[in-house]
1. If the viscosity is 1.002 mPa s and the temperature 20 °C, what Stokes-Einstein diffusion coefficient in µm²/s follows for region 9-256 when Rh is the Kirkwood radius over Cα pairs?
2. Suppose a student asked you for the relative contact order of the chain, using Cα pairs under 8 Å spaced at least 6 residues apart; what percent would you report?
3. What residues qualify as long-range amide H neighbours of Gln253, i.e. H under 5 Å apart, gap of 5 or more or another chain, H built at 1.01 Å from N?
4. In Å, the Kirkwood hydrodynamic radius of region 342-456 over pairs of distinct alpha carbons?
5. Can you pull out the GluC sites (Glu not before Pro) in region 1-67 whose DSSP state is coil and whose Cβ has at most 16 other Cβ atoms within 10 Å?
6. Just add up the charged neighbours of Gly138: K/R +1, D/E -1, any other residue whose Cβ is under 12 Å from the Cβ of Gly138.
7. Would you pull out the residues with amide H under 5 Å of Phe539's amide H, same chain only if 5 or more places away, H placed 1.01 Å from N?
8. On a C-alpha basis, how far is the centre of region 202-226 from the centre of region 442-491 in Å? Whole number, if you could?
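No lab work stands behind these numbers, since they all come straight from the coordinates. This is a predicted model, so every value here is computed, not measured. Every residue, glycine among them, receives a Cβ derived from its backbone with ideal geometry; neighbour counts consider all protein chains shown.
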Amino acid sequence: METKSRNFIEQIIDKDLEEGRVDHVMTRFPPEPNGYLHIGHAKSILLNYGLAQEYHGLFNLRFDDTNPTKEKSEFVESIENDVRWLGADFEDRLYFASDYFGKMYEAAVQLIKKGKAFVCDLTAEEIRAYRGTLKEPGKNSPYRDRSIEENLKLFEEMKEGKYEDGAKVLRAKIDMASPNMNMRDPVIYRIAHISHANTGDQWCIYPMYDFAHPIEDAIEGVTHSICTLEFEDHRPLYDWVVRELEYEQPPRQIEFAKMYLTNVVTGKRYIKKLVENGIVDGWDDPRLVSISGLRRRGYTPEAIKMFVELSGVSKAQSSSEYAMLEYCVREDLKLKRERVMGILHPLKLIIDNYPEDTTEELEVENNLENPDLGTRKVPFSKELYIEQEDFMEVPVPKYRRLYPGNEVRLMHAYLVTCTGVDKDEDGNVTAVHCTYDPATRGGNAPDGRKVKGTIHWVDAKSAIECEIRLFENIVDEEKGVYDEETKELNLNPNSLQILTGCYVESSLKGAKAPDSFQFVRTGYFCVDSKLSTEEHLVFNRIAALKSSFRLPAAN
């Protein structure tokens, strides 16, 4: 039996359990509520939750709300919705860093009393100048040797609001000659006279992320703090904090490589600009790879989970193709969704010898590859809509669809032969005429004659008119995501195509978000959660039916 290989994080956790460093596993996802989550965050969510599930442990959702200048309740709500939608169950363990502000203040006082922290009056610019460079050690602050008593007094006065923003900070006292810049007496508290979404005006000093995060993990009992590689250089400070504060079971930080997608925009600054300039209609625009955007476009949690698993977990930075994400959603949907008929560019088809005022119902399988999805009734009558590309008055070589004199199969219905066309005064074809063979119901001729072309259609009498939205990458892939000189996005002017006057079969009446379907020959589509109404259906194309993408062969 084939054994699934263990990634490096699982190997570390296995060792910790075997050696008794921990007797259980608890993970967490700790977003800052300063924007919407994107596909890269999905990897972190699913990785942390998946590890908790694998080891029968617990998973927490915790908002690192230590910077009230950038945080909004809108972001908190969107993140919570995204995490729940992805299926990461944090049960009742929803926490905020601000829940622990009192304990963090006490921890800072504890460090001062140990002689491990001091109040510094240097400005931010002076602190940077004193820090040194990668090649040169830093210099001690002239305030580093303040007495414990003076530091306690000044820190208390900082808390009481006696100083302006930037007048003083609390710094850890570690080593200004450390080769790791993060260990050169980092700032752990700063003054900020700003109201906080959760604590109001209770605090005018706030902990820095690198100080707050290990404390939060330790308080909650997190055993393994799984984060991305940019925090690798911060791990010595993380370990220093939990060691100096003498937690009985200190959490362990483990870093993994972020998940990058080629030719996509994930930077909050750029997305914010797209939203503010009206280029997209919000953080959930289907052209974005925000989790809410992917959800609105019709992606499923299962597809994103498959994509994350295929991307793998490692220490090595790598990028995945967007085509692989589309592959995953196709794989997830192909056996789960009804295959229905929709016409994006309609052309009227009139069956001249079909009885007037007659409608018959054809029984059609919902998904040929999955009989469990059952069947549905599809109306058929004298006038239909077909795709414009399924008719050519003067066919090109090897064209097998409708043209004068040619016989084709109407999917699920009859064989029809083109007999002529109607045109407007400019010579444009406005309708195609044909005759049908009543003996070919179901699409097969009793005399065995072969028909090579098959086209789909919708019944004109019962069809539902709708709007369909087709998407391309929001950036011009040929030019690259960013302009090297201006650092602005290379936007694709054709990233959104809005088609009106489209038609879908009557079985889609009452469809609403997040319902999704496979439109025959066209792609996978879902009902738009923002724009669609009962009176005006709007469909987003999730992905086309086919792609050149192929999974790499297994070794």
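1. Roughly 113 µm²/s, to the nearest whole number.
2. Relative contact order, the chain: 11 percent.
3. Hits under the 5 Å cutoff: Ser225.
4. About 15.0 Å for region 342-456.
5. Glu2, Glu19
6. Values: positive: Arg128, Arg131, Lys135, Lys139, Arg144, Arg171, Arg184; negative: Glu126, Glu136, Asp175, Asp185.
So the environment of Gly138 carries a net charge of +3.
7. Placed amide hydrogens put Glu467, Ile468, Arg469, Asp528 under 5 Å from Phe539.
8. So the two Cα centres are separated by 49 Å.
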